[in-house]
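The values are calculated or read from the model by the stated rules, or taken from the named source; none is laboratory data. Note that this is a predicted model, so its numbers are computed, not measured. Here the Cβ is made from the backbone with ideal geometry for all residues, glycine too, and neighbour counts use every protein chain on show.
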Amino acid sequence: MKNTFIYTILLSMFSLQAMAQFKISGKVTNASNNTPLEAVSVKVKGTQAGTTTDAAGNYTIELKNANTTLVFSSTGFMEQEQSAAGKASVNVQLQERQNSLNEVLVIGYGTARKSDLTGAVTSIKGEQLVDKPVANISQALQGKIAGVDVSINSNAPGAAAKVRVRGIGSINSNIDPLYVIDGVVGVDPNSINPLDVASLEVLKDASSTAIYGSRGANGVIMITTKRGTKGRTSISYEGNGNVSQLYRHVPTLNSDQFIQVYNQAFANGQKFDPAGAVWAPPAALNHTNFPKLFDANDKPLYNTNWEKETYKPSYSQSHQLNIQGGSEKSVYSLSLGYLNQHGLTPTSAFKRYSIKMTMDNDVKDWLRIGGNINLVSSAQRLVSDGNGGLNVPRDVSEEVPIVPIKYPDGTWAGNYDIAGLEGAPNPIQVANERYTLNNNLQMLGDVYMLFHLSKDLDFRTDLGYNLSSQKNNFYSSLNLPHLSQDQGGVADINAYSNYYWQTENYLTWNKKINSHQRM
């Protein structure tokens, strides 16, 4: 009994010590975009005990008192307290400080402080827009702005996404928003490099889009590109590479399984035909009838998984070089961009070269002149994906495994090599011998003069331009088996140019009465 009593006391002491210290963990994220926050201070309130979050926003801290309050703080964010009582983990979302109300936004023919706006305007910074590798601005918008619907309907390299600001208001009419880039109206946003974007504003309601009239009926997306900054010349480089692959492959029959199903299907067709008719039986799958496909023992020579042979991992890369600087009176910037994106479908690709230059110069105390020029050259190769039997995704699903991609002599193979077999052309042959080449060249920019007429009154005159040329080439090989054998080869070339100029002249009166009132 005495020993039992001593053991009980010892166990109680160990239990109390174990209860006296325990660990609690959690994650700290940004409330605005749910990204993890690194180096956030996590302290026990009223003590010096604490820790910081790692690169993933995670932390672990040891507490001595169950009724403890944790204090989370980080530069640029509002401090937050959370009780740890009875909890094994505490996850926190920190709010950014509200000094962003003084942020200046571009709205039509001028600017305004965010706190002065009454219309529905949403803004996003350029670095937030390109936090993941994307080919164009429409793709970059996906998941970034509440109320803006972005859908990607094509996996083709360089393909643009569909952006909807005000939902679907019409079935037949155009419902795309109006894009304004550096003041130039009606520009295709996917022609410029997303890495050149400084900020993007979405004007949603009637009051904020009124100055654009009916053109802004589907909303307006205003894009401001980067310009030079005062200070010594700085050079920066940004690059990335990524590999894309099919999420999963659909299980398909191998050659032996296909032959078994092929023979069984023919037998079932004869047995259950309600009309009692028997079609001409297809040739038996053996070496005698198909020496290219079977060996002397009637075993298939090939076992092709068409999905894996067609959709292979693809590599993409992008590079951006930025140079900027200036003095008190003159600032400049230069950016060079390169993107090379390959698709999962063979031969599909997108390549873009871009160069952007800006200059702003205070010629006199009362006069500033400047401008920017953006040159973009792009080439896109699209494979056939929607024309009956000459459709790569469909052909992949119809091609049989006993047929190779090519025979040893280099000629293309396909279902058409098996007499009486329904099916499609070789999808890899279609990708190589039936395609569209889209070549685009665009020059976009503006030149301006800003006159300071008085302390509060400015006059600005702008000349904006958007010059573009496009050449679309379609080619279908003479050697490609068509559904219509008399169609033969096809070659088609379309070219067009578009020249757009705009001028704007406006006065800006900005009167500051005191620190709280302005006009």
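Among the residues of the range 283-309, those that are surrounded by 15 or more Cβ atoms within 10 Å (Cβ to Cβ) and hydroxyl-bearing (Ser, Thr, Tyr) comprise TYR302, THR304. Looking at VAL243, is it at negative phi and assigned to a loop (DSSP other than H, G, I, E, B)? It is false that VAL243 is at negative phi and assigned to a loop (DSSP other than H, G, I, E, B). Residue count for the range 396-412 satisfying the condition of being touching a Phe, Trp or Tyr at 6+ places or on another chain (Cβ under 8 Å) and either crowded, with 16+ Cβ neighbours inside 10 Å or in the same structural domain as PHE290 (by TED's automatic domain parsing) (or both): 8.
Within this structure, ASN432 fails the test of being at pLDDT 90 or above, polar (S, T, N, Q) and assigned to a strand (DSSP E or B).
Rundown of residues vs (1) in a strand (DSSP E or B); (2) aliphatic (A, V, I, L, M); (3) modelled with pLDDT under 60, yes/no style:
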site: LEU70; (1), (2), (3): yes, yes, no
site: GLN82; (1), (2), (3): yes, no, no
site: GLN93; (1), (2), (3): yes, no, no
site: ASN99; (1), (2), (3): no, no, yes
site: ALA112; (1), (2), (3): yes, yes, yes
site: THR122; (1), (2), (3): yes, no, no
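From the list ASN415, ASN387, ASN439, exactly one residue is at pLDDT 95 or above and not assigned by TED's automatic domain parsing to the domain that holds TYR262. Which is it? So the residue among ASN415, ASN387, ASN439 that is at pLDDT 95 or above and not assigned by TED's automatic domain parsing to the domain that holds TYR262 is ASN439.
From the residues in the range 197-222 that are of a type outside the set (Val, Ile, Thr) and in contact with a helix residue (DSSP H, G or I) (Cβ under 8 Å, 6 or more places away or on another chain), which one is modelled with the lowest pLDDT? Ranking the qualifying residues of the range 197-222, first place goes to ALA210.
Is it fair to say TYR338 is within 30 Å of TYR247 (Cβ to Cβ), part of a strand (DSSP E or B) and without any contact (Cβ under 8 Å) to a residue 24 or more places away in the chain? So TYR338 fits the description; yes. What are the residues in the range 227-256 that are charged (D, E, K, R) and within 17 Å of LEU339 (Cβ to Cβ), if any? The one that is charged (D, E, K, R) and within 17 Å of LEU339 (Cβ to Cβ): GLU238. Flag: THR436 does not match the condition of being among the hydroxyl-bearing types (Ser, Thr, Tyr), within 22 Å of VAL490 (Cβ to Cβ) and free of Cβ contacts under 8 Å to residues at least 12 places away in the same chain. Within the range 355-388, the set of residues being polar (S, T, N, Q), crowded, with 17+ Cβ neighbours inside 10 Å and in a strand (DSSP E or B) comprises THR358, ASN372, ASN374, SER378, GLN380. In the range 70-97, the residue that is nearest to SER32 (Cα to Cα) out of those that are surrounded by 17 or more Cβ atoms within 10 Å (Cβ to Cβ) and among the aliphatic types (A, V, I, L, M) is LEU94. The residues listed here are SER327, SER318; of these, the one that is surrounded by 14 or more Cβ atoms within 10 Å (Cβ to Cβ) and under 44 Å from the mean Cα position of the chain (by Cα) is SER318. Could you check the range 53-69 and list, in sequence order, the residues that are within 43 Å of the chain's Cα centre (by Cα) and surrounded by 14 or more Cβ atoms within 10 Å (Cβ to Cβ)? Across the range 53-69, the qualifying residues are THR53, ASP54, GLY57, ASN58, TYR59, ILE61, THR69.
Collect the residues in the range 162-175 that are at pLDDT 85 or above and surrounded by 17 or more Cβ atoms within 10 Å (Cβ to Cβ), keeping them in residue-number order. VAL163, ARG164, VAL165 - these are the residues of the range 162-175 that are at pLDDT 85 or above and surrounded by 17 or more Cβ atoms within 10 Å (Cβ to Cβ).
Could you list all residues from the range 36-52 that are within 33 Å of the chain's Cα centre (by Cα) and touching a residue at least 24 places away in the same chain (Cβ under 8 Å)?
Across the range 36-52, the qualifying residues are LEU37, ALA39, VAL40.
Name the residue that is farthest from GLY158 (Cα to Cα), counting only residues in the range 180-218 that are among the polar types (S, T, N, Q) and assigned to a helix (DSSP H, G or I). Only one residue tops the list, namely SER207.
One residue is enough: does the range 185-195 have a residue meeting the conditions of a type outside the set (Val, Ile, Thr), surrounded by 17 or more Cβ atoms within 10 Å (Cβ to Cβ) and under 29 Å from LYS329 (Cβ atoms)? Scanning the range 185-195, I find at least one residue that is of a type outside the set (Val, Ile, Thr), surrounded by 17 or more Cβ atoms within 10 Å (Cβ to Cβ) and under 29 Å from LYS329 (Cβ atoms), so the answer is yes.
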